[in-house]
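Down below is the structure, laid out as C-alpha cells.
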Amino acid sequence: METGKDERTILSSNPARRALLSLLIVYGAIQNGMYGEPRAFVPGVLLTLAALCLQWRPGWFTRLGPAPAFAVCALLGIASLEVMLGLGGSLYILVFILLGWVSYRLPISYSAAYTVLNIAAAALILLFQHRPLEAVMTQCLILAAVYLLFLAGRLRRTTRSMKEEHMRELTTAHQQLEAAYRSLRQAHEELAETSEQALRYAVLEERSRIAADIHDSIGHGLTSVIVQLQALPYMIDAAPDEARSTLRQVTDVARGCLQDVRTVVHEMGLSRPGEGLLELRKLADTFSERSGIPVVFTADIPGKIAPEQLYVLFRVLQEALTNMMRHAQATRAEAQLIGREDGIVMTIRDNGVAQGPILPGFGLNAMRERCEKAGGHLTVTTLVPNGLEITASLPISAATTQ
C-alpha cells in the first residue's frame, strides 16, 4: 500500500519523539566510546552523526528521491552492521533506527529491498567471522522481525490516516449535499411562489378580459334597453305602431344580452378544455346552432394537441366566431386546423362585410396576445371582394405527442 502521503510519513515526526531517539543514539555513541574498542570510536561517531542527520534533516534528505535515499541508507546500514558485529554491539541501536526510518520513510518496495540487503550483509559478516549457524539465523530473524514490526505500524498508521481522510471527505460531501438541498429547497419555494403569482396573474387577466366583454357587449345592450324602455310610455300614446316596433327591438336586444351572459358563464366554467379536437368541433357546432350561421370545421392533425396549445386555439376560435357574429354580418364561415412540421395553424374565414384595412379592437388584440404568449403569432387579412381571414400559428410543443 504505497501512496504519496504514505511515503511522506516520518518515523519521528513529533519533536519530543525525535529528541528521545536522538538521546538513544547519543547514549549508544557514548557507550561505544567508553567501553568499545578504540578503533570503533571514529566509525561510531560517523554513524551517530549520520543517524542524527536523518532524525533532524529528513525533508532535505528525502528530497533527493527514494532511490538515492535507499542507496545512502544501505551504505549506512551495512557500515553499522560491520562496526557493531565486528567490533562490538554498543551501537546496535543504530541498526534499528535506520531500519525503522527506512520502513516508515521510503516506499515499501525500497524498504523491503533494504531489509533483505541488511539481512544478507549481516549473514555474510557473521559467516566471515565464523560465527555459529544458530547465531547467524538468530540475527537474520531479529532483523526480519524488527522490519515486520515497523511495517505493521506503518500500515496501521496509513490505514488510520486513510480512514480519517475518508471521513473528512464524507463530511465535506455531506455538507455539500446539505448546501445543495437547501439551495434546491429555496429554488423550489421560489418556483412555487412564482407559479402562484403567474396563476394569479392569469386569473386576473382572464377576469379583465371577461369584464371587458361584459362592458362592451352586455353593458352596451342593457344601456340601449333602458333608454328605449324609458321612452316607451310616451311612444305608446303618441305612436302605437312605433312603440310595438321598439318593443320588439328591446326584446331582441335583451335576448342578445342573455346570450352574451351565457357565453361569458360558459367561458368562466371552462378552465381548460379536454384533450383532442372534440372541444373545438363542439364549439363550432354550438355556435352554428345558436347563431344560425353555419360553420364548417375541418382538422388534419396527426396526433394529440398539447393542452396549453389546445386552450389557446379554443380561445382564439371562440373570440373569432364571437366577433364575426357581432360585426361581420356573415352568412357562413369555415375553420381549418392543420398540423405542419414547424407547428400548428388554424385558419378562420367568413364572408362578412369586412373590406380594406382592419383596425384591431379588443377581441383581435386579445387573440394576438394569446398567440404571442404561446410563442406563436396571429395575422388578420381581408378577402376579396369581402370577408375576413384570421390565421393563428403556434410552434410545435414538446408536450405534443405524435
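The values are calculated or read from the model by the stated rules, or taken from the named source; none is laboratory data. All values reported here derive from a predicted model rather than from experimental measurement. Here the Cβ positions follow ideal geometry from the backbone for every residue, glycine too, while neighbour counts run over all protein chains shown. Side chains included, ligands, DNA and RNA excluded: accessible areas come from the protein's heavy atoms. Shrake-Rupley method; radii C 1.70, N 1.55, O 1.52, S 1.80 Å.
Determine, yes or no, whether Thr347 is over 22 Å from Ser208 (Cα atoms), at pLDDT 80 or above and touching an Asp or Glu at 6+ places or on another chain (Cβ under 6 Å). No; evaluated as a whole, the condition is false for this residue.
Set side by side, the residues Thr194, Thr171 differ, and just one is modelled with pLDDT of 80 or more, under 30 Å from Asn365 (Cβ atoms) and open to solvent by less than 100 Å² (accessible area, probe 1.4 Å), which is Thr194.
If you go through the range 227-266 and keep only what is of a type in the set (Gly, Ala, Ser), in a helix (DSSP H, G or I) and either open to solvent by 40 Å² or more (accessible area, probe 1.4 Å) or free of Cβ contacts under 8 Å to residues at least 24 places away in the same chain (or both), you end up with Ala231, Ala238, Ala243, Ser245, Ala254. Please find, within the range 116-161, the residue that is nearest to the chain's Cα centre (by Cα) out of those that are under 23 Å from Ile97 (Cβ atoms) and of a type in the set (Val, Ile, Thr). Within the range 116-161, the match that is nearest to the chain's Cα centre (by Cα) is Thr158. Selection within the range 280-302: residues that are open to solvent by 30 Å² or more (accessible area, probe 1.4 Å) and in contact with a helix residue (DSSP H, G or I) (Cβ under 6 Å, 6 or more places away or on another chain). The member of this set that is modelled with the lowest pLDDT is Ser291. For the range 355-382, a residue qualifies if it is open to solvent by 50 Å² or more (accessible area, probe 1.4 Å) and not in a helix (DSSP H, G or I), and the qualifying residues are Gln355, Pro357, Ile358, Leu359, Pro360, Gly375, His377, Thr379, Thr381. Of the residues making up the range 105-121, those that are of a type outside the set (Lys, Arg), in a helix (DSSP H, G or I) and either in contact with an Asp or Glu (Cβ under 8 Å, 6 or more places away or on another chain) or modelled with pLDDT under 80 (or both) are Ile108, Ser109, Tyr114, Asn118, Ala121. Contact map, the range 171-183: first residue assigned to a helix (DSSP H, G or I), second residue surrounded by fewer than 10 Cβ atoms within 10 Å (Cβ to Cβ) and at pLDDT 90 or above, Cβ cut-off under 9 Å, separation 6 or more or different chains; the map is empty. Here Ile305 meets each of (1) hydrophobic (A, V, I, L, M, F, W, C); (2) in contact with a His (Cβ under 9 Å, 6 or more places away or on another chain); (3) at pLDDT below 80 with one exception, condition (2).
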